[in-house]
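**Student:** Sharing a structure here in structure tokens format.
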Amino acid sequence: MELGDEELLRRVGSGDRRAFEVFYARHAPWLTLRLHRRCRDPELVADLLQETFLAVWRAADGYRGHGEVVGWVWTIAARRLIDASRRALARPRTAAGTDEFGSARSPWAELVRSPSAEEEAMRRAYDGELEQALRRLSPELRAVLQATVLDGLTVREAAILLGVPEGTVKTRAMRARRELRAALS
């Protein structure tokens with residue numbers, strides 16, 4: 001009999017390595033694909049996957065069964081991705097490809113400079129005017145559109161993923177749509 005995700009997490013929380021291996025084998029493939037949709041740097045995706053499952057190992061005993069396990073895992077991964085993008089944005093770059101200390105660019109910087117697979121698909125599917133309007137949106141508004149439109153998450157799921165109240169997701173979605181309409185009219 002195959003164990004459900006919640007039972008696997010309960011066992012992982014008690015230190016069961018075999019349960020963790022099963023959990024990893026079940027969830028790593030879809031999580032890798034989903035991360036790759038948002039970040040084209042394979043090294044960064046591998047790092048984020050490792051960080052996510054390390055966090056799962058450490059926090060499994062804290063999972064209380066609220067919501068889907070898949071959503072819980074994706075929330076952890078998305079937060080790692082957001083942290084990586086913040087670090088990349090916070091680290092100053094020079095034109096020569098080094099940071100202010102002369103170190104080579106880190107793989108985290110690829111997150112900022114490299115368009116995601118979704119951005120490339122959108123670039124091909126929509127005209128340049130829409131692309132430019134989307135780029136002008138603040139990161140917070142783009143993140144809400146990403147979660148609700150491209151990922152198809154509910155307002156509640158997007159709120160959990162982004163770590164903001166549901167009302168904030170609704171407000172940002174409304175604002176993003178209003179700004180897009182204004183930019184395209």
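The values are calculated or read from the model by the stated rules, or taken from the named source; none is laboratory data. Small disclaimer: the values here were computed from a predicted structure and weren't measured. Cβ: placed from backbone, ideal geometry, glycine included. Neighbour counts: every protein chain shown. In case anyone asks, the SASA skips ligands and DNA or RNA and just uses the protein heavy atoms, side chains included. Shrake-Rupley method; radii C 1.70, N 1.55, O 1.52, S 1.80 Å.
**Student:** Do the conditions hold for L54, that is, is it at pLDDT 95 or above and on the phi < 0 side of the Ramachandran plot?
**Tutor:** Working: at pLDDT 95 or above: yes; on the phi < 0 side of the Ramachandran plot: yes.
Yes: the conditions hold for L54.
**Student:** If you don't mind, there's one more thing I want to ask. What do you reckon, is V169 part of a helix (DSSP H, G or I), open to solvent by 80 Å² or more (accessible area, probe 1.4 Å) and either on the phi < 0 side of the Ramachandran plot or at pLDDT below 90 (or both)? Full working, then the answer.
**Tutor:** On the way: part of a helix (DSSP H, G or I): yes; open to solvent by 80 Å² or more (accessible area, probe 1.4 Å): no; either on the phi < 0 side of the Ramachandran plot or at pLDDT below 90 (or both): yes.
So V169 does not fit the description; no.
**Student:** Could you identify the single residue in A158, A183 that is farther than 15 Å from T75 by Cβ and either modelled with pLDDT under 90 or open to solvent by less than 40 Å² (accessible area, probe 1.4 Å) (or both)? Before you say what the answer is, go through the steps one by one.
**Tutor:** Numbers: A158 fails: farther than 15 Å from T75 by Cβ.
Exactly one of A158, A183 is farther than 15 Å from T75 by Cβ and either modelled with pLDDT under 90 or open to solvent by less than 40 Å² (accessible area, probe 1.4 Å) (or both), namely A183.
**Student:** Answer with yes or no whether R136 is of a type in the set (D, E, K, R) and modelled with pLDDT of 80 or more. Steps first, answer last, please.
**Tutor:** Numbers: of a type in the set (D, E, K, R): yes; modelled with pLDDT of 80 or more: yes.
So R136 fits the description; yes.
**Student:** Can you list residue pairs whose Cβ atoms sit under 8 Å apart, with the first residue in the range 39-60 being assigned to a helix (DSSP H, G or I) and the second being among the hydroxyl-bearing types (S, T, Y)? Count only pairs 6 or more apart in sequence or on different chains.
**Tutor:** Listed by first residue and then by second, the contacts come to V45/T32; L49/T32; F53/Y24.
**Student:** I'm checking my understanding of the structure. Among residues of the range 8-36 that are farther than 14 Å from A55 by Cβ and either hydroxyl-bearing (S, T, Y) or not in a helix (DSSP H, G or I) (or both), which one is most open to solvent (accessible area, probe 1.4 Å)?
**Tutor:** S14
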